Number of protein chains: 2
Amino acid sequence: MINYPQSSRIFLAIDCIIFGFDGKDLKLLLIKRNFEPERGKWSLMGGFLEPSEDLEVGAARILHDLTGLKNVYFEQLAVFGKTDRDPGERTVSIVFFALIKIDEHDSESVRSHNASWIVLDNRPSLIFDHNEMVLKAIEHLRYKAALHPIGFELLQERFTIPQLQKLYEAIYGIPLDRRNFSRKLLSTGLLIDTGFKNSNSTTKKAALYKLDIEKYTEQFHSFWNFMPDSMKQN
Amino acid sequence: MINYPQSSRIFLAIDCIIFGFDGKDLKLLLIKRNFEPERGKWSLMGGFLEPSEDLEVGAARILHDLTGLKNVYFEQLAVFGKTDRDPGERTVSIVFFALIKIDEHDSESVRSHNASWIVLDNRPSLIFDHNEMVLKAIEHLRYKAALHPIGFELLQERFTIPQLQKLYEAIYGIPLDRRNFSRKLLSTGLLIDTGFKNSNSTTKKAALYKLDIEKYTEQFHSFWNFMPDSMKQN
DNA sequence: GCAAAAGTGTTCACATTACACCCATGT
DNA sequence: ACATGGGTGTAATGTGAACACTTTTGC
């Protein structure tokens, strides 16, 4: 029999950073806590890992519980484990990074958790080390969206190039050239023209594209660069 | 008082993937276990997180214990937490990714832990999910070395451009063009010519450079591309 | 002198940039 | 007709890839 030191058992939490995009602003799904600890303050959605569940199962459970969605894009972001990060008991938190299609979530479950979509730039201060977690998630979003086509996870299945451009402008906080952006995207060969047009527009209706899932999967590990070169200096 | 569910306390381990480079091959520092569980088999170096220590402190402790080195480059890689990953007790492992300058380690401490430097491509099968951890670490090394100047962490303070090229060739497993590589590196402005020459060489002695730490720190977040474009297709 | 490795130069192809211009739509 | 936003074209510039050639060193 093996001697596992009893003292090493530690509380393991999961916290989720959930990004959405409404066509104009990047948003975070945050909860105003109506439970202890830190009742009344804002925080990320989280919970404890159950002993019987794998990490990803736990994250999916928490995400589904809040948004009503399955098949959400998420991945591990980092582990936060400073000894004093939770003033109650020592708790190590595994932080997940999630992107959801904002129109598809279940707003009833969001309301019942006392959660709201908050524009990223106007977010309130959060409890514990959740502010740091969000900063890390923003950095990761910028890093990853430049190299991988994860931006698509924030849009509906069919989207227009101008919508995608607004998303990238929101992620990097800079304006992009319409014409160059369009060509850059189309040249990847990842977009399939659905033949439909965006009927919401009041002016010229933009073409609706969808992602070529097959190529997307094939090329997932290639390192693109959707980020403009002008950002590479910093 | 807050009700933290007692059932959520879980064993938290730390495992370290330690890369080194001997001028020719990428190597891993692995231990042949002379303790339970899985005595006699190969594994990564690890240990339990102590309740009083931060995650990074724990990782630094384990790395120092094995190599005798402080100030090792390391970062979180991922958390492995499948319910059945450790057949003994449920254990969640936080995996760290470390790069060390292979000539500077304390080979006495390594020997006393029954550890060895193993050429990456000849590594034995490891216990538990440690093989997966290594695969993830290799992917991370490739990903990161393409975009950040972390390769330098594997070389001595003073190095030649051909040495650096051999390192990148080992990381990506492909030959690189000498002339283009050299120009690409020098054009970053990150290398300072020390004025010394590599005296080991039996032919023309290459110039010894060192990293411009200031620029390195400044530009750490810019996304370079040390990887040849030819690899971007897959 | 010669082999082996280091260092420099040049050309070509292609991607990025910064523009101007045209098209579709609702009022 | 015109304002608004979508779509295409193009010339100048910069970068990467594929080369040839020269220099240094030990034997």
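Paramagnetic label reach from A:Asp22 (point 7 Å along Cα→Cβ; backbone nitrogen cut-off under 12 Å): within the range A:119-142, residues A:119-122. In this structure the amide hydrogen of A:Leu26, modeled in the peptide plane, comes within under 5 Å of the amide hydrogens of A:Leu120, none closer than 5 places in sequence on its chain. Contact order for chain B, expressed relative to its length and based on alpha carbon pairs under 8 Å spaced 6+ residues apart, stands at 21 percent. Computed from the Kirkwood radius of its Cα pairs, the Stokes-Einstein diffusion coefficient for the range B:150-232 at 10 °C and 1.306 mPa s stands at 117 µm²/s. Each DSSP beta bridge with both residues in chain B is either parallel or antiparallel, and the antiparallel ones are about 70%.
GNM on chain B, alpha-carbon springs under 10 angstrom: the most fluctuating residue among B:Phe11, B:Phe181, B:Phe80 is B:Phe11. From the cross-link list A:Lys136/B:Lys215; A:Lys136/B:Lys32; A:Lys136/B:Lys166; A:Lys144/A:Lys210; B:Lys27/B:Lys166; A:Lys136/A:Lys205, which pairs have alpha carbons spaced over 25 Å apart? Going by Cα-Cα distance, A:Lys136/B:Lys32; A:Lys136/B:Lys166; A:Lys136/A:Lys205 fall outside the 25 Å limit. Put a plus charge on the Cβ of each Lys and Arg, a minus charge on the Cβ of each Asp and Glu, and nothing anywhere else: the dipole of the range B:84-157 about its Cα centre is then about 200 debye.
Using only the alpha-carbon atoms, how far is helix A:130-147 inclined from the longest principal axis of chain A? Give it as 0 to 90 degrees, nearest 10. Helix A:130-147 sits at roughly 30 degrees to that axis. Pick from A:Arg179, A:Arg123, A:Arg90 the residue whose mean-square fluctuation is largest in a GNM of chain A, springs joining Cα atoms under 10 Å. In this elastic network of chain A, the residue with the biggest mean-square fluctuation among A:Arg179, A:Arg123, A:Arg90 is A:Arg179. Once you sort the root eigenvalues of the Cα gyration tensor of chain B as a ≥ b ≥ c, which label holds: rounded (a/c under 1.5), prolate (a/b larger than b/c) or oblate (the other case)? Taking the square roots of the gyration eigenvalues as a ≥ b ≥ c, chain B is prolate. Take the Cβ atoms of A:Ile174 and B:Lys32, set R0 to 60 Å, and the FRET efficiency comes out at 0.70.
Counting Lys and Arg as +1 and Asp and Glu as -1, each charge on the Cβ, what is the dipole of the range A:11-128 about the Cα centre in debye, to the nearest 20? Mind dumping the intermediate values first?
Numbers: 14 positive and 19 negative charges, 80 e Å.
The dipole of the range A:11-128 has a size of about 380 debye.
Using only Cα atoms and rounding to the nearest 10 degrees, what angle (0 to 90) does helix B:55-67 make with the longest principal axis of chain B? The helix B:55-67 is inclined about 70 degrees to chain B. Computed over the alpha carbons of the range B:11-128, Rg followed by Dmax gives 13.8, 41 Å.
Projected label points at B:Arg61 and B:Asn114, each 7 Å from Cα along the beta carbon direction, are separated by 2.2 nanometres. Across the options B:Val92, B:Gln219, B:Ala207, the greatest Cα extent toward the positive end of the charge dipole of chain B (unit charges at beta carbon of Lys, Arg, Asp, Glu) belongs to B:Ala207. Applying 1/(1 + (r/R0)^6) with r as the Cβ-Cβ distance of B:Arg183 and B:Ser107 and R0 = 45 angstrom yields a FRET efficiency of 0.75.
The C-alpha atoms of chain A define a longest principal axis, and helix A:161-172 lies at about 40 degrees to it. Using a Gaussian network model of chain A in which every pair of alpha carbons under 10 angstrom is joined by a spring, one finds that among A:Ile17, A:Ile94, A:Ile213 the greatest mean-square fluctuation is at A:Ile213. Note on B:Asp212/A:Glu139: beta-carbon distance plugged into 1/(1 + (r/R0)^6) with R0 of 22 Å gives a FRET efficiency of 0.40. Taking every residue in B:49-59 and counting other chain Cβ atoms within 10 Å of its Cβ, the average works out to 4. Simple point charges give the picture: +1 on the Cβ of Lys and Arg, -1 on the Cβ of Asp and Glu, and for the protein assembly as shown a dipole about the Cα centre of about 1560 debye.
Ranking B:Tyr168, B:Tyr143, B:Asn131 by Cα position along the charge dipole of chain B, where only Lys, Arg, Asp and Glu carry charges on their C-beta atoms, puts B:Tyr168 farthest toward the positive end.
Taking a ≥ b ≥ c as the square roots of the eigenvalues of the Cα gyration tensor of the protein assembly as shown, is the shape rounded (a/c under 1.5), prolate (a/b larger than b/c) or oblate? Intermediate results must be reported in sequence, preceding the final value.
Details: a/c = 2.04, a/b = 1.15, b/c = 1.78.
It comes out oblate by the Cα gyration axes.
Here the range A:8-30 is scanned for amide nitrogen atoms under 16 Å from the site 7 Å beyond the Cα of A:Thr83 along Cα-to-Cβ, giving A:8-11.
Bear in mind that the values in this text are calculations on the coordinates, not laboratory data. Remember, predicted model here, so these are calculated numbers, not experimental data. Here the Cβ is made from the backbone with ideal geometry for all residues, glycine too, and neighbour counts use every protein chain on show.
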